[in-house]
Amino acid sequence: MIINWMKKELEALNHASLERRLRTHVPIPESPGYMMHGGRVLLDLSSNDYLGLAQHPAIIEAMRDALLIEGAGAGASRLVTGNRRPYGQLEKALAEWQNCDAALVFANGYIANVGVISALAGRGDVVFSDQFNHASIVDGIILSRAEHARYRHNDIEHLRALLHKFRDKRRKLIVTDAIFSMDGDQARLLDLIELKREYNALLMVDEAHSGGVYGLHGEGLALALGLKNDVDIHMGTLSKSFGVYGAYVCGNETLIRWLMNKARPLIYSTALPPSLIAGTTQALELIQTEHWRRERLFTASEFFRSSLCMAGFNVGNGDSPIVPLIIGNNHKALQFSSALETEGIAAIAIRPPTVPDGTARIRFSLSAAHSLEELTDAVTKIRRIGLRLGVLESCDQS
Ligand code: PMP
């Protein structure tokens, strides 16, 4: 029976400390940066609410106002009758923020990557993708039926060799996360641009963890580095620093027209509720004007990363608000996470296949909502757990 093989495989997953389970977390609106779980208040060091906007009253009010005007659902896909007024307003604001011709909103980041990649590449084409790119990029490539040329993480020479190998393919697309979601390190955008020029490829950058976070107005890593014109497809999410839900793609007029005609998840799926879109426009306004949120976020991130590093943990090579504490063993990573919970900290263990075998970790993500006092206390607890579980002795400090 079908259920038998599932049960057996689930047991094997459980045995290897690899089974995933849903947990319920309850927000505490008056205390961003905290959440409730199992009746206890926990410091939230796992959400991607980088700027602390998920509970912002102005966003919630904009959503409520639009809900009363537009109703609960969009009723149809955007190309049918779902393209309500808030969409145009948000896309205009996104295009101005990204200093691009046009923007297009997608249901979420996963859908945006799947939709865009499969609209830009097909049989006879090749997509070059960093080994640590997000799963949605991998799935987009699989769906596109293009050749998947996977290069070693941030290994520019490996990418060059693959570009050379596939130089005769019809179309070439290079895709990268700007900030890698499980390691918090940056893509080598300057090198990628040099190669895309040399091999006449398109470059797509996923700013899921950098949009709202980098740049004077939160415009993302590529724009912050002055690389706007060299990136052909700017993609980002509206669920992390924006605190809401959805994703955007920005680029030139032709690209957006193409996606409107060819990105199947956009064409064949109901539009997001207009109230959500209205809330996102308000979030964008806050992202652009409340610079103090980014300052607080980076102060918190730098303090937290350097404190863990000085304590002797392996925190990788990043400099973003994502701080991995690499443990290695799956079971130990779970033990670490549950010890953190006992100490009042929500920080989830990330295990394979999300990260490579032998690199299970706690993935901390910081927020403007965290104070240095809270983080100092958290570091003390993390250090104590690290010593108790033997993680401090065993971690690589090179
Ligand atoms: N790209 C990256 C780099 C991500 O980390 C994520 C989500 N974690 C996504 C895309 C998918 O975004 P969403 O959650 O909006 O589907």
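The values are calculated or read from the model by the stated rules, or taken from the named source; none is laboratory data. Computed from a predicted model, the values in this text were never measured in an experiment. Reconstructed Cβ throughout: ideal geometry from the backbone, glycine too, with neighbour counts over all protein chains shown.
Residues in region 65-72 include at least one that is crowded, with 19+ Cβ neighbours inside 10 Å, of a type in the set (A, V, I, L, M) and assigned by TED's automatic domain parsing to the domain that holds Gly215. Collect the residues in region 337-361 that are surrounded by fewer than 14 Cβ atoms within 10 Å (Cβ to Cβ) and acidic (Asp, Glu), keeping them in residue-number order. Listed by number, the list holds a single entry, Asp357.
Being out of contact with any strand residue (DSSP E or B) (no Cβ under 8 Å at 6 or more places or on another chain) and over 21 Å from Asn108 (Cβ atoms) is a description that does not apply to Leu195.
A single member of Asn113, Asn154, Asn133 is crowded, with 18+ Cβ neighbours inside 10 Å, on the phi > 0 side of the Ramachandran plot and at pLDDT 95 or above, and it is Asn154. Checking each residue in region 255-294 for being in contact with a strand residue (DSSP E or B) (Cβ under 9 Å, 6 or more places away or on another chain) and not in a loop (DSSP other than H, G, I, E, B) picks out Leu255, Ile256, Arg257, Leu259, Met260, Pro265, Leu266, Ile277, Thr280.
Any residue in region 105-126 that is within 24 Å of Val244 (Cα to Cα), within 16 Å of the ligand (Cβ to nearest atom), in a loop (DSSP other than H, G, I, E, B) and not assigned by TED's automatic domain parsing to the domain that holds Arg363? The answer is yes, given that some residue of region 105-126 is within 24 Å of Val244 (Cα to Cα), within 16 Å of the ligand (Cβ to nearest atom), in a loop (DSSP other than H, G, I, E, B) and not assigned by TED's automatic domain parsing to the domain that holds Arg363.
Against the definition (among the hydrophobic types (A, V, I, L, M, F, W, C), under 20 Å from the mean Cα position of the chain (by Cα), outside the structural domain of Asn317 (by TED's automatic domain parsing) and closer than 16 Å to Ala121 by Cβ), how does Ile174 come out, yes or no?
Judged against the criteria, Ile174 is a match.
Check Gly88 against each of (1) more than 30 Å from Asn252 (Cβ to Cβ); (2) out of contact with any helix residue (DSSP H, G or I) (no Cβ under 7 Å at 6 or more places or on another chain) and name the one condition it does not meet. Condition (1) is where Gly88 drops out.
For region 250-264, the criterion of a residue being charged (D, E, K, R) and farther than 23 Å from Ser77 by Cβ is satisfied by no position. Residues that are assigned to a loop (DSSP other than H, G, I, E, B) and either in contact with a Cys (Cβ under 6 Å, 6 or more places away or on another chain) or farther than 19 Å from Leu190 by Cβ (or both) were ranked within region 130-160; the one that is farthest from the ligand (Cβ to nearest atom) is Arg145. Against the numbered list (1) under 21 Å from Tyr50 (Cβ atoms); (2) among the β-branched types (Val, Ile, Thr); (3) buried (at least 16 other Cβ atoms within 10 Å of the Cβ), Ile327 comes up short only at (1).
The rows are residues; the columns are (1) in contact (Cβ under 8 Å) with a residue 40 or more places away in the chain; (2) touching a helix residue (DSSP H, G or I) at 6+ places or on another chain (Cβ under 6 Å); (3) not in a helix (DSSP H, G or I).
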site: Met310; (1), (2), (3): no, no, no
site: Ser320; (1), (2), (3): yes, no, yes
site: Ile326; (1), (2), (3): yes, no, yes
site: Lys332; (1), (2), (3): yes, no, no
site: Ala339; (1), (2), (3): yes, yes, no
site: Thr354; (1), (2), (3): yes, no, yes
site: Phe364; (1), (2), (3): yes, no, yes
site: Ala378; (1), (2), (3): yes, no, no
site: Ile385; (1), (2), (3): yes, yes, no
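Restricting attention to region 202-224 and to residues that are assigned to a loop (DSSP other than H, G, I, E, B) and out of contact with any Gly (no Cβ under 9 Å at 6 or more places or on another chain), the residue that is nearest to the ligand (Cβ to nearest atom) turns out to be Gly215. Out of the residues in region 91-104 that are in contact with a strand residue (DSSP E or B) (Cβ under 7 Å, 6 or more places away or on another chain) and part of a helix (DSSP H, G or I), state the one that is farthest from the ligand (Cβ to nearest atom). Filtering region 91-104 for residues that are in contact with a strand residue (DSSP E or B) (Cβ under 7 Å, 6 or more places away or on another chain) and part of a helix (DSSP H, G or I), the one farthest from the ligand (Cβ to nearest atom) comes out as Ala95. Does region 161-201 hold any residues that are within 14 Å of the ligand (Cβ to nearest atom) and part of a helix (DSSP H, G or I), and which are they? Answer for region 161-201, where residues must be within 14 Å of the ligand (Cβ to nearest atom) and part of a helix (DSSP H, G or I): there is none. Taking residues in region 234-251 that are more than 10 Å from the ligand (Cβ to nearest atom), and partners anywhere that are part of a loop (DSSP other than H, G, I, E, B) and among the charged types (D, E, K, R), the pairs with Cβ atoms closer than 6 Å and at least 6 places apart or on different chains are Gly243/Asp49.
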